[in-house]
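Undergrad: Take a look at this one; I'll ask things after.
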Amino acid sequence: MNVANKTIIITGATSGIGYETARIAIENGANVLIHSSPHSEEKAKEICKKLGKQSAYFAFDLKSQDNIASIIESAVSAFGRVDALVNNAGMFPRNNILNFTNDDYEDIMNVNIKSPMFLNQALSQYFIDNKIAGSIVNVGSINAYCGQDDIFVYSCSKGALMTMTRNM
């Protein structure tokens, strides 16, 4: 996909895969809304200073879907439209079948599958309403297929993400 003059929302874009995706997209002419969690907001501001006017940031806790449309609204406000979404944000605290808690499960599933599901829904409707042939990328993990005993809930969440992607 040619990303020149396209606007891309990238969740979890303050480090790792998300940051590199944002950097490369901007190098190739895209505008990028860098999503960060509220505790990474200062880092997101620094990244935007580094990446320049083709970037903006939005701090939002993906553990809650109460106002998920505000991510899209923020991108539209900054750049006029949205053309793509990269669901990259993820939580992967260490746990196994014997030691995860309900809170662990809720936090991981909210960030890794529930928020991408509702973001995909909201952005799909935005694409339809605005007649945009947009793109959505859900960043998975090999752990969706092979698992790993010390990231049990994460592996389960990525399995769900891959199933959602196949069904979209």
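Undergrad: Exactly one of these conditions fails for Ser155: (1) touching a residue at least 12 places away in the same chain (Cβ under 8 Å); (2) open to solvent by 40 Å² or more (accessible area, probe 1.4 Å); (3) more than 30 Å from Gly29 (Cα to Cα). Give me its number.
TA: Checking Ser155 against (1) touching a residue at least 12 places away in the same chain (Cβ under 8 Å); (2) open to solvent by 40 Å² or more (accessible area, probe 1.4 Å); (3) more than 30 Å from Gly29 (Cα to Cα), the one that fails is (2).
Undergrad: Further question: Based on this model, can you work out whether Lys114 counts as open to solvent by 40 Å² or more (accessible area, probe 1.4 Å) and either hydroxyl-bearing (Ser, Thr, Tyr) or without any contact (Cβ under 8 Å) to a residue 40 or more places away in the chain (or both)?
TA: Criteria not met by Lys114.
Undergrad: Kindly provide the set of residues from the stretch 122-149 that are open to solvent by 60 Å² or more (accessible area, probe 1.4 Å) and either without any contact (Cβ under 8 Å) to a residue 24 or more places away in the chain or among the acidic types (Asp, Glu) (or both), ordered by number.
TA: Gln125, Ile128, Asp129, Lys131, Ala133, Ile142, Tyr145, Cys146, Gln148, Asp149
Table: residues versus (1) open to solvent by less than 30 Å² (accessible area, probe 1.4 Å); (2) touching a residue at least 40 places away in the same chain (Cβ under 8 Å).
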site: Asp61; (1), (2): no, no
site: Gln65; (1), (2): no, yes
site: Ser74; (1), (2): yes, yes
site: Val82; (1), (2): yes, yes
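Undergrad: Still on this structure, please answer the following. Considering only residues that are of a type in the set (S, T, N, Q) and within 19 Å of Asn2 (Cα to Cα), look in the stretch 30-59 and name the one that is most open to solvent (accessible area, probe 1.4 Å).
TA: The residue in question is Gln54.
Undergrad: Would you check if there is a residue in the stretch 14-28 being farther than 18 Å from Leu85 by Cβ and modelled with pLDDT of 95 or more?
TA: Yes; the residues of the stretch 14-28 include at least one that is farther than 18 Å from Leu85 by Cβ and modelled with pLDDT of 95 or more.
Undergrad: Sticking with this one: So, in the stretch 101-155, exactly how many residues are assigned to a helix (DSSP H, G or I), farther than 15 Å from Asn87 by Cβ and among the aliphatic types (A, V, I, L, M)?
TA: 2
Undergrad: One residue is enough: does the stretch 69-86 have a residue meeting the conditions farther than 26 Å from Ile132 by Cα and more than 12 Å from the chain's Cα centre (by Cα)?
TA: Checked the stretch 69-86: no residue is farther than 26 Å from Ile132 by Cα and more than 12 Å from the chain's Cα centre (by Cα).
Undergrad: Additional query: Filtering the stretch 1-58 down to residues that are assigned to a loop (DSSP other than H, G, I, E, B) and under 16 Å from the mean Cα position of the chain (by Cα), which residue is nearest to Tyr126 (Cα to Cα)?
TA: It comes out as Thr11.
Undergrad: With the requirement that a residue be out of contact with any Lys or Arg (no Cβ under 7 Å at 6 or more places or on another chain), open to solvent by less than 20 Å² (accessible area, probe 1.4 Å) and among the small types (Gly, Ala, Ser), what does the stretch 84-111 give you?
TA: Ala89
The values are calculated or read from the model by the stated rules, or taken from the named source; none is laboratory data. Computed from a prediction, not measured in an experiment: that's the story for all the values here. A quick note on method: Cβ atoms are made from the backbone with ideal geometry, for glycine too, and the neighbour counts reach across all protein chains shown. Accessible surface areas use protein heavy atoms only, side chains included; no ligands, DNA or RNA. Shrake-Rupley method; radii C 1.70, N 1.55, O 1.52, S 1.80 Å.
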